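**Student:** Sharing a structure, written as structure tokens. Questions coming.
Each value in this text was obtained by applying a stated rule to the coordinates, not by laboratory testing. For clarity, every value in this text was computed on a predicted model and none was experimentally measured. Here the Cβ is made from the backbone with ideal geometry for all residues, glycine too, and neighbour counts use every protein chain on show.
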Amino acid sequence: MVELVSAGAKIDLYLRGLKGLSILDAVEIGNFANCINQIFVDREINTSRDYSEDIFAAAEKLNIKVSWWKKHSQTYAPYSLAAGWQFLIKAENLFVIHDSLLPRYRGFNPLVSMLLNEEPRIGATLIFASAEVDKGPIVKAIATNIEYPIKLESALVKICEIYRELALFLFSKLSVKEKIDTFEQIETDASYSLWRDDLDYRINWKMSSKKIQNFINSVGMPYSGASSILNGKEVRIFDCEIVKDCKIENRSEGKIFSLIEGMPVVVCGQGLVKITSIFDASTKASILPMKTLKGRFSC
């Protein structure tokens, strides 16, 4: 159980990306601006949009002190909250929101890993940080059911809604000096999600059409998208449709089977997919419509 020091205890916020911005939605919705001491912001890279300027604008609208995060920044408020954050914070009373239902999916990119595993529920957990990453006692967890197919962008919107709910819960506790109950994570239930690099975005065409569609959906916007090599050049694929399979005597995964209005139908380990959104990785230009069948996608 966390003991709060005083009524109206102040908190510092460490915010990054859309998840960080959702915390300021909670501040505005709950009228909790007086609870916030200051905000530290960092850019989110390797995404289609960096929300740092949006965080600055929202903080200034709420009349909250805001600045760029610098390494080894000092925390001046009794408490801190990190959302969408990826750096070590030196603070005694630090709350963290992690976008999985802990203790499962500790670590990196938990939402992507949950979607790739087709988990029926996704969610986020508010924890009181400990020395070991993602192992701190749980304050509150919120889950939501999802149905597949679902795109990463849509799942992220649901996660941000949960971030807002968890932030509202925490700020309401802080504002009235209410004790915060916590409970320890069950270590035997723990699992981990590894960091991802560009190789982890490559499509394995030996998978079924359903698995390939889910893979493309799970690593798409706001990230760089699923990748493949087409005739020696890297491409990024953001959308596809499953089409009716047929008997192919010399099945060869990754080969273009046909073109439908310039969109390639590709042979999978099981089934066929029609690529409806594909871009040259270097120029960022769409390569649709395609005009030739003589093409092969590979890892």
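**Student:** Compute the angle between helix 209-218 and the longest alpha-carbon principal axis of the chain, please, reported from 0 to 90 degrees and rounded to the nearest 10.
**Tutor:** Orientation of helix 209-218: about 40 degrees from the principal axis.
**Student:** Between ALA124, ALA59, ALA285, find the one with the highest GNM mean-square fluctuation for the chain; connect C-alpha pairs within less than 10 Å.
**Tutor:** Fluctuation is largest for ALA285.
**Student:** Skipping prolines and chain starts, which residues have an amide H placed within reach, meaning under 5 Å, of the one on ASN93, given they are 5 or more residues away or on another chain?
**Tutor:** The list, which skips near neighbours in sequence, is SER80.
**Student:** Using only Cα atoms, find the angle between the long axis of helix 17-30 and the longest principal axis of the chain, and express it within 0 to 90 degrees, rounded to the nearest 10.
**Tutor:** Result, in degrees: 40.
**Student:** I need two numbers for the chain: Rg to one decimal and Dmax as a whole number, Cα atoms only, in Å.
**Tutor:** 22.2, 74
**Student:** As I understand it, the value is the acute angle between the Cα axis of helix 152-175 and the longest principal axis of the Cα atoms of the chain; what does it come to in degrees, rounded to 10?
**Tutor:** Roughly 10 degrees between the two axes.
**Student:** Can you run phi through the Karplus equation (6.51, -1.76, 1.60; θ = phi - 60°) for the range 47-63 and list ³J(HN,Hα) in whole Hz, with x for Gly and Pro?
**Tutor:** Running phi through 6.51 cos²θ - 1.76 cosθ + 1.60 with θ = phi - 60° gives 10, 5, 8, 9, 8, 4, 5, 5, 5, 4, 5, 5, 5, 5, 4, 8, 6 Hz.
**Student:** What does the helix-only formula give at 222 nm for the chain: each DSSP H stretch with n ≥ 4 adding -39500 (n - 2.57), the total divided by the residues, and the result rounded to the nearest 500 deg cm²/dmol?
**Tutor:** Taken over the chain, the calculation gives -7000 deg cm²/dmol.
**Student:** Hey, another quick one. Skipping prolines and chain starts, which residues have an amide H placed within reach, meaning under 5 Å, of the one on TYR192, given they are 5 or more residues away or on another chain?
**Tutor:** Distant-sequence amide H within range of TYR192: TYR105, ARG106.
**Student:** Also: So which of LYS151/LYS274; LYS90/LYS151; LYS206/LYS274; LYS158/LYS244 end up more than 25 Å apart by C-alpha?
**Tutor:** The pairs that break the limit, which is 25 Å between Cα atoms, are LYS90/LYS151; LYS158/LYS244.
**Student:** Next question, about the same structure. Within 10 Å of each candidate Cβ there may be at most 16 other Cβ atoms; applying that plus a DSSP loop requirement, which chymotrypsin sites (Phe, Trp or Tyr not before Pro) in the range 74-134 survive?
**Tutor:** TYR76, PHE87, PHE108
**Student:** What is the magnitude of the charge dipole of the chain about its Cα centre, with +1 placed on the Cβ of each Lys and Arg, -1 on the Cβ of each Asp and Glu, and no other charges, expressed in debye to the nearest 20?
**Tutor:** Magnitude of the dipole: close to 800 debye.
**Student:** Summing +1 for each Lys or Arg and -1 for each Asp or Glu, what net charge is found among the other residues whose Cβ lies under 13 Å from the Cβ of MET263?
**Tutor:** Value of the local net charge: -1.
**Student:** How charged is the neighbourhood of ALA190? Take every other residue with its Cβ under 13 Å from the Cβ of ALA190, and add Lys/Arg as +1 and Asp/Glu as -1.
**Tutor:** Once all neighbours under 13 Å are counted, the net charge is -2.
**Student:** Hey, could you grab the Kirkwood Rh for the range 55-140? Inverse mean 1/r over distinct alpha carbon pairs, Å, one decimal.
**Tutor:** After inverting the mean inverse Cα-Cα distance, the result is 14.5 Å.
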